[in-house]
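Before any comments, here is the structure.
The values are calculated or read from the model by the stated rules, or taken from the named source; none is laboratory data. These figures come from a predicted structure and were not determined experimentally. Virtual Cβ from ideal backbone geometry, glycine too; neighbours counted across all protein chains shown. Note: areas computed on protein heavy atoms with side chains; ligands, DNA, RNA excluded. Shrake-Rupley method; radii C 1.70, N 1.55, O 1.52, S 1.80 Å.
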Amino acid sequence: MTATDRSLELINAAAQAAADKLAHDIVAYDVSDVLAITDAFLLASAPNDRQVKGIVDEIEERLQKELGAKPARREGERDGRWVLLDFVDIVVHVQHSEERVFYALERLWKDCPEIDLPEEAKATRGKGAEHAGELDGELS
């Protein structure tokens, strides 16, 4: 892994912020060996547009307050289906669960090393499928 200490610090803070706002399936990849523009990607999802926006706001606020990092770019906020925060050292993707399944960014980056995240973030793995199962049960 060649992501910088600063990138790892940002990724961990962003992952913790996402977990605190109940994001699903938080995962991070060290993409520094394959991309020259950034060191790491963080992926997270939520079951509705409002929660996507809440997670994005929390990540942005936490990184600004705790680490003095502001995104150079923020895209996709209007629709709330897939918001990208570009902090230069890291890029955060927060997607609506349906977009997460459809675009399957994990497939693109599966050959890159996964970054170890805080326990609360790791505990979110599988929550998207769990939530979808709960919804299916309610609709039946």
**Fill in**
With every protein chain kept in place and a 1.4 Å probe, region 1-72 has an accessible area per residue in Å² of 45 Å²
**Request:** Quote the convex hull volume per residue of the chain, based on C-alpha atoms, as a whole number of Å³.
**Result:** 102 Å³
**Request:** Treat every Asp and Glu Cβ in the chain as -1 and every Lys and Arg Cβ as +1, leave all other atoms uncharged, and give the resulting dipole magnitude about the Cα centre to the nearest 20 debye.
**Result:** 300 debye
**Message:** Can you tell me which of 108, 42, 67 moves the most in a GNM of the chain? Springs connect C-alpha atoms under 10 Å apart.
**Reply:** 108
**Request:** Can you sort 100, 81, 107 by 1.4 Å-probe accessible area, starting with the largest?
**Result:** 107, 81, 100
**Complete:** With -39,500 (n - 2.57) per DSSP H segment of 4 or more residues and division by the full residue count of the chain, the 222 nm estimate, nearest 500 deg cm²/dmol, is -13500 deg cm²/dmol
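For the chain, what is the percent of antiparallel DSSP beta bridges, rounded to the nearest 5?
Numbers: 14 of 21 bridges.
Around 65 percent of the beta bridges assigned by DSSP in the chain are antiparallel ones.
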**Request:** Note down the accessible area of residue 110, probe 1.4 Å, to the nearest 10 Å².
**Result:** 140 Å²
**Prompt:** Using a 1.4 Å probe on the protein chains only, how many percent of the accessible area of the chain belongs to carbon and sulfur?
**Reply:** 50 percent
